[in-house]
Ligand code: NAD
Ligand code: UDP
């Protein structure tokens, strides 16, 4: 297939480019570098099956030649207001990537009669009242809350994707991605994994926001990419959760990172840094992914963190 991947210079997009190329496909990467990094794609420069277009997906997209699949991953993704890369500091760009970007990428899929895959998120469940979250759960979101620029853009993107499927017969897929980590995460986007790993490697205390009793379920990037690739090849049109169901409190997670890195500095509870509308629980129900895609994650948290640390060491000059 000839596949357009938006957000290609980001964390997940760059891993998807690698996977599709390794499967023999041709990839057209697209990105405007608003939160991504060209270094994530540097190793693909000159590859005969990789081309790159620098472009903002909020504007009309023209791709020369035939396209067989479109994977729309372009969007800021960090909720942390302390980082310039957090989506609350890029509110209009985030809404445009999710709304106009989804419209434009669906337009490409329609023009080429290509299959389409939308990167949605567990954030569409908001601060969930159902636990763990199944795809049938409608969510608990504040349309004008702090996180709304992201949640509502993604909810709109899902609705528009289903509308193109229904009205134009586009062969669409929707993946609801739960917290994923691994090499190539931006060091300074304020998400918990880069923050904790950097602090641990510098032997500093880990900053736990709020009381640390909020939970997340962390998936290693290779497992996620496997699930997304299977979904791309499937013919499932309804949303599918992809994530690791092993749930941990953020406090436990900090202790695990300190244990793996032998960091004696402990944790620091930062009640003042508790993020607004921070979901208190998050855990995917992956029954659908198991039955439809025959997929489940294989990498334990300890193994995944150990495979992530060398990237951060290299970036911090600690190797
Ligand atoms: P990331 O910030 O590393 O990557 C996003 C990429 O999109 C960046 O390279 C950025 O420059 C690009 N981008 C943003 N707006 C753009 C625009 N208007 N035009 C062109 N490019 C644009 O984040 P990520 O973690 O790799 O997330 C990728 C996708 O997966 C996002 O859609 C995000 O919502 C979704 N997602 C990620 C996670 C996760 O845990 N990593 C969880 C749920 C959903
Ligand atoms: N968090 C934290 N310390 C940090 C960064 C984040 O305790 O230095 C918390 C954050 O409040 C949230 C969780 O870790 O409860 C996950 O945050 P992240 O930004 O990774 O993504 P989210 O899952 O909220 O989208």
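The values are calculated or read from the model by the stated rules, or taken from the named source; none is laboratory data. Bear in mind that the values here come from a model prediction, so they are computed numbers and not experimental data. Note: ideal-geometry Cβ built from the backbone for every residue, glycine included; neighbour counts use all protein chains shown.
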What is the residue count in the range 66-97 for residues that are assigned to a helix (DSSP H, G or I) and crowded, with 18+ Cβ neighbours inside 10 Å? 7
Restricting attention to the range 6-20, does a residue exist that is modelled with pLDDT of 95 or more, farther than 24 Å from residue 161 by Cα and out of contact with any helix residue (DSSP H, G or I) (no Cβ under 7 Å at 6 or more places or on another chain)? yes
Residue 197 versus (1) assigned to a helix (DSSP H, G or I); (2) farther than 21 Å from residue 124 by Cβ; (3) touching a strand residue (DSSP E or B) at 6+ places or on another chain (Cβ under 8 Å): which is the lone unmet condition? (3)
Looking for something in a loop (DSSP other than H, G, I, E, B), in contact with a strand residue (DSSP E or B) (Cβ under 9 Å, 6 or more places away or on another chain), surrounded by fewer than 16 Cβ atoms within 10 Å (Cβ to Cβ) and without any contact (Cβ under 8 Å) to a residue 24 or more places away in the chain - is there at least one such residue anywhere in the range 134-148? no
Across the range 259-275, which residue is farthest from ligand 2 (Cβ to nearest atom) among those that are in contact with a helix residue (DSSP H, G or I) (Cβ under 6 Å, 6 or more places away or on another chain) and outside any loop (DSSP other than H, G, I, E, B)? 260
Which residues, counting only those in the range 171-208, are more than 12 Å from ligand 1 (Cβ to nearest atom) and buried (at least 21 other Cβ atoms within 10 Å of the Cβ)? 172, 173, 195, 196, 197, 199, 200, 206, 208
Exactly one condition in (1) closer than 30 Å to residue 68 by Cα; (2) more than 9 Å from ligand 2 (Cβ to nearest atom) is not met by residue 178; state its number. (2)
